[in-house]
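Values quoted throughout were computed directly from the atomic coordinates according to the rules given, and no laboratory measurement underlies them. These figures come from a predicted structure and were not determined experimentally. Positions of Cβ are backbone-derived with ideal geometry, glycine not excepted, and every protein chain shown enters the neighbour counts.
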Amino acid sequence: MSVQLIAPRGVLHLHGFRLLLLDRLLAPAATAVSTVAVSFAVLGLTGSVADLSHVLAAQIAPALLLMPVSGVLADRFGAQYVIAAACLLTACCEGTLAFLLLTGHPPIGQIMLLEAGTGAALAMFLPASTALLPRLVPDTELQRANALSRLVTNAATVGGGAFAGAAVASFGPGWALAADAAAMLAACVPNLLIRTAPAARRAAPDLFGELREGWREFRSHTWLWVIVLQYSLVFMACAWGYGVLGPVVARDSLGGSTAWGEILVAEALGLVAGACAATRFTTRRPMLFVTLCGAAVAAPTLALALLLPLWLICAFSFGTGVLVELMMVQWNVAMARTIPADRLARVGSYDMLGTVVATPFGTLLAGPLAATIGIRPAQFAAVLLAVAVTVLALAPKEIRAEPGRAGATR
């Protein structure tokens, strides 16, 4: 590893980048509120782990269909407009759920439908977000711009998580989701004000032609599809071990929504610290570093399975957040410098689709696994799976290669 001093101030004079930072202050804070509020709304209504797993699966399932299409739309019409539409859809869905919770006891089917809408918005947002930042800053500023963007995102997540834990405990999930919807609505504005020059792109015959072009680019890079496959299984494991069973452990053994909010805040603080470090951190083998971080993602799940004290679980979450943030900046920079600009959103959509494709299965497995083998054994199984797939992902030479040997640069 080597360290390089980089000051992240130069990009702040760019008007479009400042607008992007405003979006990444509002939307992640709202998402952090939703993460806590939806989970405890479902647990408060039914107390069922299976119901919670169904709702969380409904959030992710739309990505399986919509992410590749959203990548085409972002490449074709402008990533900032796709992001604005995603924020508006999220505001409508979460605002409706807030109204239903404040006025009655909505059935799980209605909650699943609204969270599917939120998942569709997320499927629109993520590929567009990947493509937008490289269009706002010069190539020489990519690492520092990515690090600063993620620093703001994670700071917002910290604030949102802290607010969510307190708001759910004090006022209930309905009011927390109302605040979530308001913040998402406000996030539409800066995206509508961003102006970018369209990326030069070769004309494709139709939607399916553009999808095929993006797929050919994606599968031409071994390091890319191997790591995406690895993280698909890692996130599937963490979906049941952390995403579904984590709130259950917090409710049963750690003190409820406040404890879960503290765990999420600790993770977000780690992400903030990681983003600060990412402005200075470089590595000779970035893909090797990214791959090894896959095993670290399961550390908070292991801490929960061991029923460690809350402060120690938070420490695990913090450390994992630091590593994940360093990993994400390295990954985003590698993508932006390797994939042609006119295909970046589409390749990013396959990246994100592949990463989350197995996650709904993980959330759906949580209930049956917990009922069959118990909550803690199910969490240990998640940790073992994450470690095993990380070891297997180290096999290809491109993963261990130095920069310039992992794929062609733009």
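Once the piece of chain linking Leu394 and Leu193 is laid out straight, how much longer is it, given 0.36 nm per residue of separation minus the C-alpha distance between them?
Value of the extension gain: 68.0 nm.
So if each residue of separation counts as 0.36 nm, and I subtract the Cα-Cα distance between Leu12 and Arg337, what length gain in nm does that give? Present the calculation step by step, with values, prior to reporting the outcome.
On the way: separation 325, 0.36 × 325 = 117.00 nm, distance 2.09 nm.
In short, 114.9 nm is gained.
Tell me the net charge near Thr96. Cut-off is 13 Å between Cβ atoms, Thr96 excluded, with +1 for each Lys or Arg and -1 for each Asp or Glu. Before the final figure, lay out each step's value.
Details: positive: none; negative: Glu94, Glu115, Asp180.
Overall, the nearby charge balance is -3.
Fewest to most neighbouring Cβ within 10 Å: what's the order for Tyr242, Tyr81? Can you show the working numbers first?
On the way: Tyr242 30, Tyr81 15.
The most exposed by this proxy come first: Tyr81, Tyr242.
How large is the Kirkwood hydrodynamic radius of the chain, in angstrom, based on all distinct alpha carbon pairs? Let's see the in-between values first.
Details: mean 1/r = 0.0471 Å⁻¹.
One over the average 1/r among Cα pairs gives 21.2 Å for the chain.
Starting from the Cα-Cα distance between Thr103 and Trp175, subtract it from 0.36 nm times their residue separation and give me the gain in nm to one decimal. Provide the component values of the computation, followed by the final result.
On the way: separation 72, 0.36 × 72 = 25.92 nm, distance 1.10 nm.
Using 0.36 nm per residue and subtracting the Cα-Cα distance, I get 24.8 nm.
Ranking Ser53, Ser70 by Cβ neighbours within 10 Å, fewest first, what do you get?
Arranged by neighbour count, lowest to highest, Ser53, Ser70 become Ser53, Ser70.
Taking the chain as a Gaussian network, where each spring joins two C-alpha atoms under 10 Å apart, which residue of Leu304, Leu394, Leu353 fluctuates the most?
For the chain, modelled as a Gaussian network with Cα springs under 10 Å, the answer is Leu394.
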